[in-house]
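In what follows, a structure is listed as structure tokens, so that the remarks can point back to it.
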Amino acid sequence: MIHTGAYNYINVLQKTANASWYRNGILANNIANVDTPNYKRKDVQFETYLMTSLSGGDSLDSNVAELDLGVLEPTTYVDESNLSYRLDGNNVDINTESSELAKNQLRYYTLLDSMSQEFNRIKSVMTRH
């Protein structure tokens, strides 16, 4: 993390990208355990934590500047642990996991692109002055 106000948005994007990378591993683990009896799918909670942290306040800029990224961490949870799609107790649906993995990968690469654009904006301002 870069500790200066000019990089506030980049730091938030980096934290979000890290959570997305973490979720990628959780989803891959679900896919790997699609045939494991009694395995319950897991997922990651992060976006709602971020949205809650950024809500309120005067502006998004001030909310981002005041955000304590040290306490903003993704958490893993067992998704609908009481439900099973099969007799063996496993509740992993390969089609759902595959689409969630694809969606998460798109999110991750979009976040990386956004970080690159933010660095390009900073670079542009620095080279003009």
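The values are calculated or read from the model by the stated rules, or taken from the named source; none is laboratory data. Here the structure is a predicted model, which is why all the values come from computation and not from measurement. Cβ sites come from the backbone with ideal geometry, for glycine too, and all protein chains shown count toward neighbours. We work out accessible area using only protein heavy atoms, side chains counted, and drop any ligands, DNA or RNA first. Shrake-Rupley method; radii C 1.70, N 1.55, O 1.52, S 1.80 Å.
The listed residues are D113, D43, and the only one of them that is acidic (D, E) and under 30 Å from M126 (Cα atoms) turns out to be D113.
Taking the listed residues L87, L72, L111, L27, the one that is in a loop (DSSP other than H, G, I, E, B), of a type outside the set (F, W, Y) and surrounded by 15 or more Cβ atoms within 10 Å (Cβ to Cβ) is L72, with no other qualifying. Applying the criterion of being farther than 22 Å from L101 by Cα and among the hydrophobic types (A, V, I, L, M, F, W, C) to the residues of region 30-76, the residue that is modelled with the highest pLDDT is L72. If you check every pair at least six apart or on different chains, which have Cβ atoms under 6 Å apart with a residue in region 6-32 that is within 15 Å of A65 (Cα to Cα) first and a residue that is of a type in the set (G, A, S) second? Cβ pairs passing all conditions: N8/A65; L13/S114.
Among the residues making up region 90-108, those that are assigned to a helix (DSSP H, G or I) and of a type in the set (A, V, I, L, M, F, W, C) are I94, L101, A102, L106.
Output the number of the condition that G57 fails; it satisfies all remaining conditions of (1) at positive phi; (2) in contact (Cβ under 8 Å) with a residue 24 or more places away in the chain. Going through the list (1) at positive phi; (2) in contact (Cβ under 8 Å) with a residue 24 or more places away in the chain, G57 breaks only (2). The residues listed here are N82, N38, N95; of these, the one that is within 21 Å of the chain's Cα centre (by Cα), exposed (fewer than 13 other Cβ atoms within 10 Å of the Cβ) and over 22 Å from N18 (Cα atoms) is N95.
Within this structure, S20 fails the test of being more than 23 Å from L112 (Cα to Cα) and open to solvent by less than 70 Å² (accessible area, probe 1.4 Å).
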